[in-house]
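Undergrad: Take this structure first; my questions come after.
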């Protein structure tokens, strides 16, 4: 590709990057991820492109950390940030998809409470509860 | 214990809780943890007590998540919060102690950058770099 | 208690700690507090346990600061954190319960705006307004 | 004015400051701004006063930066803070009012994602999308 | 004053507002406050003006909340925000000046830890410890 | 490129992306940017790669917003985030490089104070002051 066109998300090179990112995304949470990208399509398609191509294609797919570990980090980050309930919902679902149990997810949020306080942990737990209910998956 | 004295951190029941918390703390990072508690002793000993008794004795020691997973969550939370370089330093050290490699630690921080941005990730990486240098442990 | 069982929230020692925490919680805001614990019961009961036993039983009940002062600190923290509207609602109610007037609560949030900006203060004021309306308590 | 009465928002000097602030506010986003002040009138009128008199009358009206540039800074701040969707909605509208295009607004939020992460950017984009839809103004 | 000149911080009306703000600031912490304003004088004098005239003259001086209560709110906000060690240092000093004891200040920070986590509380406690040491005032 | 190798930052396609990102970075702030990448080289080279290739090559270089506008957004984000003094230093320098005056930079930070509070604005202003001093560029 000519690098001066690197910002053009419609170029063949960037479409290949997008396609790969979508493959990674689909392995983790196809439905939720595609739904976010669809919602971006008419307002900020480049944001959707980079979430797929960069966040999933470049970073998530790196071999240095398994998906389970990546979701533990993500749960920590999103619980701490606060105000990211929509993204947390996607990533609690993704955490279940990559093999974390409901007990491990709630334990991760309880653990996070030590470092970011109970209010943020409560918000995160209630998001997790909603996802567990939707999936009919409740901690024992 | 009489519950009305529960807030008294010098009671036998609370000293037992403290002793247990210190055992857990010592398994993870004795030197750094004890150094924080020592620094608190003359200004806010109750804060030190609860970090040991509650954070380590009650939470960290729970069986629902292994130490490696707990440190991944902690790295995510502390990277996202920002401004917690001193605590991140302790927990990068603890992450190495419980078996995370330098590559996994930097990968966790790179992963976090997607969700909390590059500036927070840069701050966290430079803390990790300092810890790795002190321990003579550099990613390959 | 045997400290190796300290993490077991069903032990007699921890049930005594819980009972004491619930007494403190009930003095401050029985209805709202119990409602949060109920919502946690089937998804993360240990989080509910520690909010009652640690946050209320160990910390809130300490003699070093009166409940009115504790609620002023809490209003400051929750206004600044942002995204904690549900918790702020509980604590605006608790602030009224421990004797802060509606005028003092709105003044505390106005004061906080200097340090955390108008948007966070606006969010907090509208939470307070909802609580005041529910209680038929409006600033003069 | 006698300075000891400076805190009295009903004084003639402060009413003049308020009137000026409202003029500035009306130039930027009359409907949304007035709606916020109306909602504050019975719970925290002093907060509304200072938002108009200080934020708009003292700061926004300063000649050192044009309104378009001020809105770019504001979009950056509100996207990064998170949890300020209501205020962001007002300021996306204000950004359109002072001449930023829908494409520039979404580009500003995409740019912000690099520094504060994708979740905050997604929240901001969906607020922008709502405003664009209400105004029948969609990026090309 | 002519409101179109309201943004001019050198106007007589604004100089009167500044003078009043400085009186309030001097009652709370003359040395630290003046030192901040001096540091701003050659780079952003308008920021210094508004901190004195608005934050202290308009808000801090309002009768609805006593200085002790204001400092409790401020300690909560600054502990929660994080990364505001310089401002926290000023306000721990101000808290002592308006009558909070060292024990009340550390208790306020311990209380905040429940809501914003231990790392932020640790940072705040170590700032308080430095101020206490400088003033030769240690909690008993 | 074969998309399954997309994560390999040493591939020819990714080296081309890196080279382009470095060109963009060098146009904005060669010295500071290269210094950050050098510091990352032995600990987290992939983070450095993606900051150059993605943040600068993919995003900063997009035509939808001029560099001056991008730096205004960045100043807003970094001021609001807090704890990003090192990154703010780079971006205050970059802001000067792309044509913002010292007065516009301090005005942007004063403007941000309305939305994120005075403490964050003070931290940002003192970073700007340091950069201005290093460059012998002081606001009039």
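The values are calculated or read from the model by the stated rules, or taken from the named source; none is laboratory data. Worth saying up front: this structure is predicted, and the values here are computed from it rather than measured. Methodologically, a virtual Cβ is constructed for each residue, glycine included, from the backbone with ideal geometry; neighbour enumeration extends over all protein chains shown.
Undergrad: Yes or no: residue E:112 modelled with pLDDT of 95 or more and under 21 Å from residue C:58 (Cα atoms)?
TA: Judged against the criteria, residue E:112 is a match.
Undergrad: While we're here: So residue D:15 ticks every box in (1) facing another protein chain (nearest Cβ under 7 Å); (2) outside any loop (DSSP other than H, G, I, E, B); (3) over 21 Å from residue F:124 (Cβ atoms); (4) over 14 Å from the mean Cα position of the chain (by Cα) but one. Which box is left unticked?
TA: Unmet condition: (1).
Undergrad: Sticking with this structure for a sec: Scan region A:106-134 residue by residue and report those that are within 13 Å of chain B (Cβ to nearest Cβ), over 17 Å from residue B:75 (Cβ atoms) and more than 19 Å from the chain's Cα centre (by Cα).
TA: A:117, A:118
Undergrad: While we're looking at this one, here's another question. Quick one: would you say residue E:75 is closer than 24 Å to residue C:69 by Cα, modelled with pLDDT of 95 or more and more than 14 Å from chain C (Cβ to nearest Cβ)?
TA: So residue E:75 does not fit the description; no.
Undergrad: (1) within 11 Å of chain E (Cβ to nearest Cβ); (2) crowded, with 17+ Cβ neighbours inside 10 Å: which one isn't true of residue C:103, the others all being true?
TA: That leaves (2) as the condition not met.
Undergrad: In addition: With surrounded by fewer than 23 Cβ atoms within 10 Å (Cβ to Cβ), more than 10 Å from chain B (Cβ to nearest Cβ) and under 14 Å from the mean Cα position of the chain (by Cα) as the only criterion, which of E:137, E:95, E:86 stands out?
TA: Only one candidate qualifies: E:86.
Undergrad: Additional query: Quick check, is residue F:29 buried (at least 22 other Cβ atoms within 10 Å of the Cβ), in contact with a helix residue (DSSP H, G or I) (Cβ under 8 Å, 6 or more places away or on another chain) and either at pLDDT below 95 or part of a helix (DSSP H, G or I) (or both)?
TA: So residue F:29 fails the test.
Undergrad: Of the residues in region C:49-66, how many are in contact with a helix residue (DSSP H, G or I) (Cβ under 7 Å, 6 or more places away or on another chain) and either over 23 Å from residue A:120 (Cβ atoms) or within 7 Å of another protein chain (Cβ to nearest Cβ) (or both)?
TA: 11
Undergrad: Being touching a residue at least 40 places away in the same chain (Cβ under 8 Å) and more than 22 Å from residue B:48 (Cβ to Cβ) is the filter here, so list the residues in region C:28-58 that pass it.
TA: Selection gives C:28, C:29, C:32, C:33, C:36, C:49.
Undergrad: Of the residues B:43, B:24, only one is within 23 Å of residue A:105 (Cβ to Cβ) and surrounded by fewer than 24 Cβ atoms within 10 Å (Cβ to Cβ); which?
TA: On inspection, the qualifying residue turns out to be B:24.
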